Amino acid sequence: MPEDIAPASEAVVICTRNRPDVLRETLRSVASQSGAAERPVLVVDGSDREEAERTARVVQDWSDEEAPVHYHRYSGAPAATRQRNAGVALLPDSVEIVHFIDDDATLRAGYFDALRAALEHHPHLLGVGGIITASGGTSPRPSVHWGHRLFLLRVDRPSRVLSSGQTTPAWPIGTEDLQPAEWLSTCASSYRARVFDTHRFDPAVEGPSPRLEDLDFSARVAEDGPLAVVPGARCVHRVSSRNRRGTAATARERIVRRYWFVRKNMDHPLNRLAFWWSALGQLAAHVVSSHPDRNAALWGYLQGVWQVWTRAHSLLYEESTGA
């Protein structure tokens, strides 16, 4: 258990596993934000023993800093979903806004201020998110051509969930106004604390990225009230190489979890048909790809299709317990 967290109106939850050096840089970014002294940070650690000791020391290094950082060693089977749920449960009742960021994210100046202001000025919103860029400053806006539209893979609109279960990321569209969103990434998102009276992250979701647990959670929240992206809240996802799947496993898990999401949240014959239509388009994209890892990605994708078809995956044959 962390030491008592002082009452505050907002708090930050960071889940981590075996990334102490990466976490140190993220905490530095969080501490540099305005109002950091009044915004407690809870690090929920699912690391192996030796790495947990190093992670605890990283957090301890901040004990004399202005930013109040607290450490909690998660005792259950590590999973980002379970660790986030545990973190929310440990926050004081005074918290009204819960900020989630990944342990490998760097926040730009004014990040928390922009998200908090959006929630304060728009009381109907249940959650807000920021714009996430890659380490090299690459724009999150993907290219969209006729094939993407035809196979229900992408549209030229940010933060959308297509009928196939495919999604588009958040990106700026030439204005700093709030952008309606159908889903939010937990790499950079904030929710009103009352959301967790009804919803939790699905603890059945395990393993490294891609998990799609943030899509599942935010889509369920969006059924109760609107979400939005705040273009003024920016962060860089440094994408640590630790706890990442290989190319084949990533391709396999991505399609399995996409089907799991559709089945759980959009279970209608037309949506299932849209999913399989998009799967055909993805298969064609893998076949014609010139990427050096093309063969591994194609093999993993075919494995994923087989797992979906036969339900040979824990998420597909075990009933999820997330609410």
Over all pairs of different Cα atoms in the chain, the reciprocal of the mean inverse distance gives a Kirkwood radius in Å of 20.3 Å
Note: Asp177 to Trp277 extended length (0.36 nm per residue) minus current alpha-carbon separation gives 32.6 nm
Longest principal axis of the chain (C-alpha) makes with the long axis of helix 294-310 (C-alpha) an angle, in degrees to the nearest 10, of 90 degrees
Among GluC sites (Glu not before Pro) in region 215-323, those in a DSSP loop whose Cβ has at most 11 other Cβ atoms within 10 Å are Glu223, Glu318, Glu319
Taking a ≥ b ≥ c as the square roots of the Cα gyration tensor eigenvalues, with a/c under 1.5 meaning rounded and otherwise prolate when a/b beats b/c or oblate if not, region 247-317 comes out oblate
If unit charges are put on Cβ atoms (+1 for Lys and Arg, -1 for Asp and Glu) and the dipole of region 153-204 is taken about its Cα centre, the option from Thr186, Val161, Pro203 lying farthest towards the positive end turns out to be Pro203
Under the 7 Å Cα-to-Cβ spin-label approximation, Ala285 and Ser139 lie apart by a distance in nanometres of 1.8 nm
Per the rule of 0.36 nm per residue minus the C-alpha distance, extending Thr198 to Arg311 adds in nm 37.8 nm
Relative contact order as a percentage, region 35-106, C-alpha pairs under 8 Å and 6+ apart, gives 36 percent
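Values in this text are rule-based calculations from the coordinates and carry no lab data. The structure presented is a predicted model; accordingly, all values stated were derived computationally and were not measured. Note that each Cβ is placed from the backbone with ideal geometry, even for glycine, and that neighbours are counted across all protein chains shown.
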